[in-house]
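Worksheet for the structure shown next.
The values are calculated or read from the model by the stated rules, or taken from the named source; none is laboratory data. Here the structure is a predicted model, which means the values were calculated and not measured. Neighbour counts run over all protein chains shown; Cβ positions are idealised from the backbone, glycine included. We work out accessible area using only protein heavy atoms, side chains counted, and drop any ligands, DNA or RNA first. Shrake-Rupley method; radii C 1.70, N 1.55, O 1.52, S 1.80 Å.
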Amino acid sequence: VFATEVNSHRDQIIELDKTGTHLKYFSQKQDVVLIKNLLISVQSRWEKVVQRLVERGRALDDARKRAKQFHEAWHKLMEWLEESEKSLDADLEIANDPDKIKMQLAQHKEFQKSLGAKHSVYDTTNRTGRSLKEKTTLADDNLKLDDMLSELRDKWDTICGKSVERQNKLEEALLFSGQFTDALQALIDWLYKIEPQLAEDQPVHGDIDLVMNLIDNHKVFQKELGKRTSSVQALKRSARELIEGSRDDSSWVKVQMQELSTRWETVCALSVSKQTRLEQALRQAEEFHSVVHVLLEWLAEAEQTLRFHGILPDDEEALRTLIEQHREFMKKLEEKKAELNKATDMGEAILAICHPDSITTIKHWITIIRARFEEVLAWAKQHQQRLAGALAGLIANQELLEALLSWLQWAETTLTEKDKEVIPQEIEEVKALIAEHQTFMEEMTRKQPDVDKVTKTYKRKALEPSPVQSHIPVLDKGRAGRKRSPTPGIYPSAAQAQIETKNPRLREFANFDFDIWRKKYMRWMNHKKSRVMDFFRRIDKDQDGKITRQEFIDGILSSKFPTSRLEMSAVADIFDRDGDGYIDYYEFVAALHPNKDAYKPLTDADKIEDE
């Protein structure tokens, strides 16, 4: 419904774009820029809305598929478990005839095989449900999923318990029916089947989810082992009665019972040993999980700080403070490398004895932390180069500024002295002075780019936009969701503040007042009886409404208006907003007449008001 509502506005966006494009052809130059920017802003926001709409649609579709997969698997497994429970409850009667008991025992073993085959389905469904529960954000969903998982786990444990109980009853019935040998052999066969699964060389290590599943499975086995204790005790009593009451050779009974005792004690010992190994594997998995996610959280915070650090200050002291802070951060990053090595070593240690089902997961986390660390290290080195480059550029600009000011002082002194000299009347001498002054003007022209560079460097800092904040997700994995701990900032908060220009040698130009200059220029132009637009149109050869920065400065200076080249650089900085070296003189003329139409001739009233 929301997608339909959004798409219903598409025609409005298209119509708005057409109207704005049409309007630009009939608008003044300064309005064209405004209309263009508004259209770009609307189009950008529209594209973001559409993109977010598509992304949310994909996320909802993925969530629906996962939820449907889990619910279908859950219902299917629960139906099978309920039918199995009904079947077990219906077969409570146990025959008295040994042959019928053996048949019932064989049928029950077939059911146990089916139950064992469903174990992988049970694990998969359980894991899918826990994954959904970790990703859910709604309290109702979390409660429902928790109830479904608890119901499934209880039902599974109930079926397993009833299965073991019926197995024991059938074996006891077989024993009491006089089939001592068959009952004994059935128990020994079960012990021989179980023993390899408990062997010391069976891997139990891995990620935290797998180890928890192994622990759950072992608890089910321990319950079954506990229930078979009564069968073992009954067999021992029957064996003693058989030996005491028999006149024939009963040594074979002693041999069989000795084998049963040996196998039983071995299985019990292996069960305890596996429990210990599982507890150790769980501690190792939890430690690995904790180290990996703490490291990933710190790396995410560090990357966010490095990627969105904001503009650099133009003050040398503040810049050196940032460099020192970044040096401390690099030391901390080097310390985190030790944590990375610790985490990867732990992962490699787990891999060496890992359960086959967990190999891919452990390798995935090792790869992730290595890649993330290398990425943050690359950003840190890049920021270090940026800081070093900024400092070098600042020092170079300061040196250039000192050289320019020194030259300007010399030039001003020289020109003052030259003005005091009497101009000769001889043509050759005048030509020599003209050539000398032309050389001086050429040198001044060559220094113009340096003047522009120095003045623009400090005036553009305040125009740079502040950075956009970014959120870096940290993928979490584990049986229990853990909250992200607050990580302190990589740099002190004071270092993030924007630092204004503090260079005292540029204070004069930083305090330049365009309004005073504008009124002075307009009084001079009115006195000259000139129109500003006519003046610039003569300079604009291709009549595109723009002239170069140099043409703008030289044009006004050549008009004999009493201003300095440095003041003209400051004016040019105001109107060369894009930094491309071109100035829109329509915008300049409109700024000269903030309350008038720049395209109309000045009236006497305008001139009086400007006076």
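State whether the residues of the stretch 155-169 include one that is more than 17 Å from residue 109 (Cβ to Cβ), of a type in the set (A, V, I, L, M) and crowded, with 18+ Cβ neighbours inside 10 Å.
No, the conditions are met nowhere in the stretch 155-169.
Looking at this structure, is residue 88 under 30 Å from residue 129 (Cβ atoms) and either open to solvent by less than 50 Å² (accessible area, probe 1.4 Å) or β-branched (Val, Ile, Thr) (or both)? Break it down into steps so the answer makes sense when it comes.
On the way: under 30 Å from residue 129 (Cβ atoms): yes; either open to solvent by less than 50 Å² (accessible area, probe 1.4 Å) or β-branched (Val, Ile, Thr) (or both): yes.
So residue 88 passes the test.
Condition check: open to solvent by 20 Å² or more (accessible area, probe 1.4 Å), of a type in the set (Lys, Arg) and modelled with pLDDT of 85 or more. Does residue 227 satisfy that? Walk me through it before giving the result.
Values: open to solvent by 20 Å² or more (accessible area, probe 1.4 Å): yes; of a type in the set (Lys, Arg): yes; modelled with pLDDT of 85 or more: no.
When the stated conditions are applied, residue 227 does not pass them.
Would you check if residue 414 is hydroxyl-bearing (Ser, Thr, Tyr) and either over 30 Å from residue 205 (Cα atoms) or open to solvent by 60 Å² or more (accessible area, probe 1.4 Å) (or both)? So that I can check it myself, show each step before the final result.
Numbers: hydroxyl-bearing (Ser, Thr, Tyr): yes; either over 30 Å from residue 205 (Cα atoms) or open to solvent by 60 Å² or more (accessible area, probe 1.4 Å) (or both): yes.
Answer is yes for this residue.
Need pairs with beta-carbon distance below 8 Å; first residue touching a residue at least 60 places away in the same chain (Cβ under 8 Å) and within the stretch 284-295, second polar (S, T, N, Q); sequence gap 6+ or separate chains.
So the pair list comes out as 294/485.
Looking at the stretch 242-258, can you tell me whether even one residue there is open to solvent by less than 30 Å² (accessible area, probe 1.4 Å), within 30 Å of residue 214 (Cβ to Cβ), modelled with pLDDT of 80 or more and touching a helix residue (DSSP H, G or I) at 6+ places or on another chain (Cβ under 9 Å)? Before you say what the answer is, go through the steps one by one.
Of the stretch 242-258, the ones open to solvent by less than 30 Å² (accessible area, probe 1.4 Å) are 250, 253, 257.
From what's left, within 30 Å of residue 214 (Cβ to Cβ): none.
No; the residues of the stretch 242-258 include none that is open to solvent by less than 30 Å² (accessible area, probe 1.4 Å), within 30 Å of residue 214 (Cβ to Cβ), modelled with pLDDT of 80 or more and touching a helix residue (DSSP H, G or I) at 6+ places or on another chain (Cβ under 9 Å).
From the list 325, 409, which residue is surrounded by 12 or more Cβ atoms within 10 Å (Cβ to Cβ), at pLDDT below 90 and polar (S, T, N, Q)?
Details: 409 fails: surrounded by 12 or more Cβ atoms within 10 Å (Cβ to Cβ).
Testing whether each residue is surrounded by 12 or more Cβ atoms within 10 Å (Cβ to Cβ), at pLDDT below 90 and polar (S, T, N, Q) leaves just 325.
Please specify each residue of the stretch 1-33 satisfying the condition of being free of Cβ contacts under 8 Å to residues at least 24 places away in the same chain and acidic (Asp, Glu).
5, 11, 15, 31
Can you run down the residue pairs with Cβ atoms below 8 Å, 6 or more apart or on separate chains, where the first is in the stretch 370-388 and more than 15 Å from residue 327 (Cβ to Cβ) and the partner is among the charged types (D, E, K, R) and part of a helix (DSSP H, G or I)?
372/303; 373/336; 373/337; 375/303; 376/303; 379/303; 379/307
Just give me the residues in the stretch 333-368 being touching a residue at least 60 places away in the same chain (Cβ under 8 Å) and exposed (fewer than 12 other Cβ atoms within 10 Å of the Cβ), in sequence order.
Within the stretch 333-368, 356 is the sole residue that qualifies.
I'd like the residue in the stretch 500-556 that is small (Gly, Ala, Ser) and surrounded by 14 or more Cβ atoms within 10 Å (Cβ to Cβ) and, out of all such residues, is modelled with the highest pLDDT.
Of all residues in the stretch 500-556, those small (Gly, Ala, Ser) come to 510, 530, 545, 555.
Pick out the ones that are also surrounded by 14 or more Cβ atoms within 10 Å (Cβ to Cβ) and you get 510, 545, 555.
Numbers: 510: 52, 545: 76, 555: 83.
So, considering only residues that are small (Gly, Ala, Ser) and surrounded by 14 or more Cβ atoms within 10 Å (Cβ to Cβ), the one modelled with the highest pLDDT is 555.
For residue 266, are the conditions met, namely being on the phi < 0 side of the Ramachandran plot, without any contact (Cβ under 8 Å) to a residue 12 or more places away in the chain and over 34 Å from the mean Cα position of the chain (by Cα)?
Values: on the phi < 0 side of the Ramachandran plot: yes; without any contact (Cβ under 8 Å) to a residue 12 or more places away in the chain: no; over 34 Å from the mean Cα position of the chain (by Cα): yes.
Here the answer is no, as residue 266 does not meet what is asked.
Among the residues of the stretch 297-321, which ones are under 19 Å from residue 397 (Cα atoms), of a type in the set (A, V, I, L, M, F, W, C) and open to solvent by 10 Å² or more (accessible area, probe 1.4 Å)?
311, 312, 318
Just name the residue that is farthest from residue 584 (Cα to Cα) out of those in the stretch 34-70 that are polar (S, T, N, Q) and in contact (Cβ under 8 Å) with a residue 24 or more places away in the chain.
Filtering the stretch 34-70 down to residues polar (S, T, N, Q) leaves 37, 41, 43-44, 51, 69.
With the extra rule that they be in contact (Cβ under 8 Å) with a residue 24 or more places away in the chain, the set shrinks to 43, 69.
On the way: 43: 25, 69: 63 Å.
Filtering the stretch 34-70 for residues that are polar (S, T, N, Q) and in contact (Cβ under 8 Å) with a residue 24 or more places away in the chain, the one farthest from residue 584 (Cα to Cα) comes out as 69.
Among the residues in the stretch 425-436, are any at pLDDT 50 or above and assigned to a loop (DSSP other than H, G, I, E, B)?
Within the stretch 425-436, the subset at pLDDT 50 or above is 425-436.
Retained after the next criterion (residues that are assigned to a loop (DSSP other than H, G, I, E, B)): 425-426.
Scanning the stretch 425-436 turns up at least one residue that is at pLDDT 50 or above and assigned to a loop (DSSP other than H, G, I, E, B).
Inspect the stretch 18-31 for any residue being more than 30 Å from residue 164 (Cβ to Cβ), touching a strand residue (DSSP E or B) at 6+ places or on another chain (Cβ under 9 Å) and either at pLDDT below 85 or not hydroxyl-bearing (Ser, Thr, Tyr) (or both) and give the result as yes or no.
Residues of the stretch 18-31 more than 30 Å from residue 164 (Cβ to Cβ): 18-31.
Remaining after also requiring touching a strand residue (DSSP E or B) at 6+ places or on another chain (Cβ under 9 Å): 29-30.
With the extra rule that they be either at pLDDT below 85 or not hydroxyl-bearing (Ser, Thr, Tyr) (or both), the set shrinks to 29-30.
Yes, some residue in the stretch 18-31 is more than 30 Å from residue 164 (Cβ to Cβ), touching a strand residue (DSSP E or B) at 6+ places or on another chain (Cβ under 9 Å) and either at pLDDT below 85 or not hydroxyl-bearing (Ser, Thr, Tyr) (or both).
Can you list residue pairs whose Cβ atoms sit under 8 Å apart, with the first residue in the stretch 190-210 being open to solvent by less than 30 Å² (accessible area, probe 1.4 Å) and the second being of a type in the set (A, V, I, L, M, F, W, C) and outside any helix (DSSP H, G or I)? Count only pairs 6 or more apart in sequence or on different chains.
205/353; 205/354; 206/354
Do you know which residues across the stretch 422-437 are open to solvent by 100 Å² or more (accessible area, probe 1.4 Å) and not basic (Lys, Arg)?
Start the filter on the stretch 422-437 by keeping residues that are open to solvent by 100 Å² or more (accessible area, probe 1.4 Å), which leaves 422-423, 425-428, 431, 434.
Those that are open to solvent by 100 Å² or more (accessible area, probe 1.4 Å) and not basic (Lys, Arg): 422, 423, 425, 426, 427, 428, 434.
Which numbered condition in (1) acidic (Asp, Glu); (2) in contact (Cβ under 8 Å) with a residue 12 or more places away in the chain; (3) not in a helix (DSSP H, G or I) is the only one that residue 123 fails?
Single failed check for residue 123: (3).
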